[in-house]
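Q: Starting off with a structure, shown below.
Quick note: the coordinates plus some simple rules give every number you see, no bench work behind them. All values derive from a computational prediction rather than experimental measurement. So basically every Cβ, Gly included, is an ideal-geometry build from the backbone, and we count neighbours across all protein chains shown.
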Amino acid sequence: MTGFFDVFLGVLIGATMSVPGVSGGTTALCLGCYGKILTATANLKRKGAFGYLLRLGIGGISGFFLAAKLLNFAFQQVPLMMTLIFSAAAGTGLILPAKDSIKKFSLNGIICFLLGLISVLAVEKLPQGMGNESILLSALWGIFLAAGIILPGVSTSHLLLVFGLYDDVASLSRFQD
C-alpha cells in the first residue's frame, strides 16, 4: 500500500509542476514528504531510497502529463475560472514556507534569499528559447530545472516558459494525429 501512496503523492506533485507559477517542491512540503525526498536523494545507497524516488518519479511524470492534458482542456473551456483557481492555489502554497521561514530568520537566510532573487531576475532577462540553440545552455537549463524540482517555491513550469521549452514539453502530453 505504501508504494501506491508514494506514486499517488508523485502524481499530485507532478500535477502541480505542470502549472506555471506553482511549485512542486512547495506541494511536497505541504504534503509532508519534502524531507523524505531530500533524505532519499542524499542517501541513494540507503535501503529503499531509490525505490521511493522511482515511485515518486513515475507518479510525478504521470501527474505532469495527465494534468497538462486536463488543464489544457479546462483552460479552453473556462479560462477565467481556471485562472482564479490557480491564482488562489499559488497564493495558498506560499503560506507554509513563509510561516516556517519567519521562525528561522537569519543573516544566512537573507543572503540566500537575495542570491535566489538575483538568480531568478538573471534568468528572466535571458532571451526566450536560448536553450534550444546550444548543448551547453541546454545542460545549464537542466541544472536550473533540477534545482526547480527540489526547491520549494520555484516553479519548474515557469522556468520552462522562461527557457522557451514549455510548449515543447507540454506538447508531449497531446496525442499526435
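Q: Step through the residues of segment 22-30 one at a time and calculate ³J(HN,Hα) from phi using the Karplus curve (6.51 cos²θ - 1.76 cosθ + 1.60, θ = phi - 60°), rounding each to whole Hz and writing x for Gly and Pro.
A: Calculated HN-Hα couplings, in order: 10, 9, x, x, 5, 4, 4, 4, 5 Hz.
Q: Taking H placed 1.01 Å from N in the peptide plane, check which residues at least 5 places from Gly164 or on another chain put their amide H under 5 Å from its amide H.
A: Excluding prolines and chain starts, which carry no amide H, the hits are Gly129.
Q: Given 0.36 nm per residue, what is the gain on full extension from Ile143 to Ser62 after removing their alpha carbon distance, in nm?
A: So the chain would gain 27.0 nm between Ile143 and Ser62.
Q: Ordered by packing density, taken as the mean number of other Cβ atoms within 10 Å over each peptide's residues, highest first, how do 152-161, 38-47 rank?
A: 152-161, 38-47
Q: Apply the Karplus curve 6.51 cos²θ - 1.76 cosθ + 1.60, θ = phi - 60°, to the phi angles in segment 45-56 and return the couplings in whole Hz, x for Gly and Pro.
A: Coupling constants for segment 45-56: 7, 5, 4, x, 5, 5, x, 4, 5, 5, 4, 4 Hz.
Q: Something else: Extending each Cα 7 Å along its Cβ direction at Thr2 and Lys36, get the distance between those two points in nm, one decimal.
A: With each label placed 7 Å out from Cα toward Cβ, I get 0.8 nm.
Q: Using mean Cβ contacts within 10 Å as the protection proxy, how do 50-62, 7-19, 71-83 order, highest first?
A: Ranked from most to least packed, the peptides come out as 7-19, 50-62, 71-83.
Q: Now, a different point. If you take the square roots of the eigenvalues of the alpha-carbon gyration tensor of segment 1-77 and sort them as a ≥ b ≥ c, do you get rounded (a/c under 1.5), prolate (a/b over b/c) or oblate?
A: Taking the square roots of the gyration eigenvalues as a ≥ b ≥ c, segment 1-77 is prolate.
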